[in-house]
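Read the structure below first, then the notes.
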Amino acid sequence: MPPPAKPLPEARTMPAEVTPLTSAEPGTLADQAYARLKQMIFDFTLMPGNRCSESELAQSLSVSRTPLRQALQRLEREGFLQVLPKIGWQVAPLDFDVFDELYDLRILIECHAAQHLAQAEARPALQPLADLWLAPEDQRLSDGAEVGRLDEAFHSQLVQASGNREMARVHREITERIRIIRRLDFTKPARVAATYAEHARILRAITRRRGDEAQRLLRAHIEQSKLEVRHITLDTLYRARRQA
């Protein structure tokens, strides 16, 4: 594993071929700018630590300052950008200490949900999950991006099924904040296969009302994912910086 490189001090501007925003697209121009910029952060086109000015971003996206500033402020509130007074904006460096804390909180919430579901009398949410994740191997999805989306939905649906709306709200916020690294977990085929197997074991434990076993399996599943995404993220950043 190559050592992680330090954040680059200077900005890496957005590619010139970025498609201009248009009012014909869904959402407001601010929504469109937000989505474009967030995707570029996720793709490491704008890498952690990079600086950029509003004028550069406005020119690259072909959008005026007002909707752009609204998008930037939204990304700042979500923790993806930092404002540098009199300088501009900086893509927030990846802080794995914070990610570890978010994963720990996620484990607490999801384990509580698993225990609740194992004890609940009515569990209608389990059947759709079982239909998907207990499917035969020849019926499983192989597209990493799609499996990543369904994995996120699996964990969210477990929490929602517990009936605790505040836990579900906090879990959604955690999911949003860790998505920048979590999505990389499914760039490796082995992780896709492992996710199917681990989800199946968790669901079987809940179905059999083995709450303690379900919590143990869920904790191990999330911890392993956390380790994998850390390694993949650092390697992806290293390669991206070498190509910059």
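The values are calculated or read from the model by the stated rules, or taken from the named source; none is laboratory data. On a predicted model such as this, the values are computed, not experimentally measured, just so you know. With ideal geometry, Cβ positions are generated from the backbone for all residues, glycine too; neighbour counts draw on all protein chains shown. Note: accessible area is taken over every heavy atom of the protein model, side chains too, but ligands, DNA and RNA are not part of it. Shrake-Rupley method; radii C 1.70, N 1.55, O 1.52, S 1.80 Å.
Of the listed residues Met167, Met47, Met40, the order by accessible area with a 1.4 Å probe, largest first, is Met167, Met40, Met47. Remark: the Ala135-Glu173 segment gains 10.7 nm on full extension, using 0.36 nm per residue and subtracting the alpha carbon distance. Ellipsoid fit via the Cα gyration tensor, region 182-244: semi-axes of 31, 11, 6 Å, each the root of five times an eigenvalue, largest first. Computed over protein heavy atoms with a 1.4 Å probe, the carbon and sulfur contribution to the accessible area of the chain reaches 51%. Note that region 62-75 has calculated 3J(HN,Hα) couplings of 6, 9, 6, 5, 5, x, 4, 5, 4, 5, 5, 5, 5, 5 Hz, one per residue in order, obtained from phi through the Karplus relation 6.51 cos²θ - 1.76 cosθ + 1.60 (θ = phi - 60°); glycine and proline are x. Ignoring the sites themselves, the chain has its longest run without trypsin sites (Lys or Arg not before Pro) in a DSSP loop having at most 15 other Cβ atoms within 10 Å at 1-85.
Looking at region 99-244, the accessible area is 52 square angstrom per residue; that uses a 1.4 Å probe and ignores ligands, DNA and RNA.
Fraction of C-alpha pairs exceeding 19 angstrom in region 23-141: 63 percent, rounded to a whole number. So what is the diffusion coefficient of region 132-192 in µm² per second by Stokes-Einstein at 4 °C and 1.567 mPa s, using a Kirkwood Rh over Cα pairs? D = 102 µm²/s. Only lysine pairs 8 or more places apart or on separate chains count here, and in the chain those with Cα atoms under 22 Å apart total 4. The Cα-based radius of gyration and maximum Cα-Cα distance (Dmax) for region 109-234 are 13.9, 44 Å.
Of the GluC sites (Glu not before Pro) found in region 100-183, the ones in coil according to DSSP and having at most 15 other Cβ atoms within 10 Å of their Cβ are Glu121.
The reciprocal of the average 1/r between distinct C-alpha atoms defines the Kirkwood hydrodynamic radius, which for the chain equals 19.7 Å.
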